[in-house]
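Presented below is the structure to which this report refers.
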Amino acid sequence: MRNYTVLLASDSFKGSAMSREVEDYLEEGIRRVVPQAHILKYLIADGGEGTLEALLTACKGTRYTEKVHGPLGDSVQAPYALLGDGKTAVIEMAQASGITLMPKSNENALKASTYGTGELIEAALEQGARKFLIGLGGSATSDGGWGMAQALGVKFLDAEGQPIRPGLRGLKDLRQIDTSGLDPRIRESEFTALSDVTNPLTGSEGAVFVYGPQKGIAPEELHEVDVWMASYARLIEQELTGVSTDVPGAGAAGGLGAGLHVFCGARIVSGIDTILDLIGIESKMDTVDLVVTGEGHMDNQSVKGKAPIGVAKRAKKHNLPVIAVVGGREDDLSSVYSAGIDCVLTTVEGPCTLEDCMKRVAIEIPNAGETTMRAFLLGRSRAQ
């Protein structure tokens, strides 16, 4: 049997397995069918979980850990990295301000702050970073990024000139923004925000209405708190000359996209496309027979910037077949197939609870890897 070359590039299965683990499991299954297969593995992410590891693996560098404030103000140990060039920092905002760091409740969602993410930026500046890649996935926050900016020296004050309360709730009282204390190194630096969404900051498709309920904001409060966010946006445009929050992706990470754009001059870009460029995933595609990608759950929203679609688009430039291995899927995946995925295989083989499925990844993903390779070879045998 020919020794086929298979390229593995899967996102993490959130809560179950990181990108590296998923690909190791897939390799195990593939080798059951073709033991001598040449396996190329690329860790990927779209700006969320796994971004730090993917870029450190591909670009080398140094991992640091900083004690910062979590979303509710308690102390957390958050990692960040300085890549091999010594100037580029990689930060996952979820490490300091992520949804896994706090219990979900309406009260917590309203007071969750991105302050710790700003502290990570400050720490990286101290290490000499002047280029920043900031992943926006997995946030607990909806504060429009003002907590991050506060950690960098910006003051957010009420009508009496007093600091506002942390989080989204503080925007209700916000009347003044003073950027005179912003760390001057920010203006000397280049910021790129990595996102898998293009939502605006406010409105029915904005940070509050679309993502607020996932973080605990009560449905009956959505309209009122979106008004606070809109007031924040207007104040920015009134007080900061030539600055607007009206950019695609401003609503990412509860508005941290907007905060980074406004206070740090960040470009908000497709996380997966940027990461695929940095890791050089296309460099070996001319020698590949099959591309296998994946994620925890696939639906038609995956075409709007998720990692597997980014991989598939690169593969199709080289006319390669693409199979996606996923934990779960939507019934209708027509948009996914139109975007370049040829086949979607789920790891769930029978009825089970979400908790049980997450525990069985070490069994189910190798099985799916085996099925993937057998399906690929079946197609090859029929074509010959």
TODO: Give me a count of the residues in segment 188-227 that are among the small types (Gly, Ala, Ser) and under 19 Å from residue 261 (Cα atoms).
DONE: 6
Open item on the list: All but one of (1) part of a helix (DSSP H, G or I); (2) more than 21 Å from the chain's Cα centre (by Cα); (3) of a type in the set (Val, Ile, Thr) hold for residue 243; state the number of the condition that does not hold.
Closed with: (1)
Task: In segment 311-337, the residues that are small (Gly, Ala, Ser) and at pLDDT below 95 - done: 327, 328, 334, 335
- [ ] Go through segment 1-57 residue by residue and tally those that are part of a loop (DSSP other than H, G, I, E, B), under 27 Å from the mean Cα position of the chain (by Cα) and either free of Cβ contacts under 8 Å to residues at least 40 places away in the same chain or surrounded by fewer than 24 Cβ atoms within 10 Å (Cβ to Cβ) (or both).
- [x] 6
Open item on the list: Condition check: among the hydrophobic types (A, V, I, L, M, F, W, C), in the same structural domain as residue 184 (by TED's automatic domain parsing), modelled with pLDDT of 95 or more and at negative phi. Does residue 233 satisfy that?
Closed with: yes
Open item on the list: Under 6 Å between Cβ atoms, which residue pairs at least 6 apart in sequence (or on different chains) link something in segment 182-208 that is closer than 15 Å to residue 144 by Cβ and assigned by TED's automatic domain parsing to the domain that holds residue 229 with a partner that is of a type in the set (Lys, Arg) and part of a loop (DSSP other than H, G, I, E, B)?
Closed with: none
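For (1) part of a helix (DSSP H, G or I); (2) over 15 Å from the mean Cα position of the chain (by Cα); (3) surrounded by fewer than 24 Cβ atoms within 10 Å (Cβ to Cβ); (4) assigned by TED's automatic domain parsing to the domain that holds residue 199, each residue gets a yes or a no:
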site	(1), (2), (3), (4)
277	yes, yes, yes, no
286	yes, yes, yes, no
292	no, yes, no, no
297	no, no, yes, no
301	yes, no, yes, no
308	yes, no, no, no
319	no, yes, yes, no
TODO: Out of 100, 57, report the one residue that is polar (S, T, N, Q) and either under 30 Å from residue 146 (Cα atoms) or modelled with pLDDT of 95 or more (or both).
DONE: 100
Open item on the list: Suppose we keep only residues that are in a helix (DSSP H, G or I) and either in contact with a Leu (Cβ under 8 Å, 6 or more places away or on another chain) or of a type in the set (Gly, Ala, Ser) (or both) within segment 261-274. Which one would you say is nearest to residue 317 (Cα to Cα)?
Closed with: 274
Open item on the list: Any residue in segment 224-251 that is surrounded by 14 or more Cβ atoms within 10 Å (Cβ to Cβ) sitting within a Cβ distance under 6 Å of a residue that is basic (Lys, Arg)? List the pairs, counting only those 6 or more apart or interchain.
Closed with: 228/172
Task: Qualifying residues in segment 147-181 (those that are in contact with a Gly (Cβ under 6 Å, 6 or more places away or on another chain) and surrounded by 16 or more Cβ atoms within 10 Å (Cβ to Cβ)) - the one farthest from residue 272 (Cα to Cα) - done: 164
TODO: Determine if segment 262-270 includes at least one residue that is without any contact (Cβ under 8 Å) to a residue 12 or more places away in the chain and at positive phi.
DONE: no
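The values are calculated or read from the model by the stated rules, or taken from the named source; none is laboratory data. What you see is a predicted model; the values in this text were computed from it and never measured. Cβ sites come from the backbone with ideal geometry, for glycine too, and all protein chains shown count toward neighbours.
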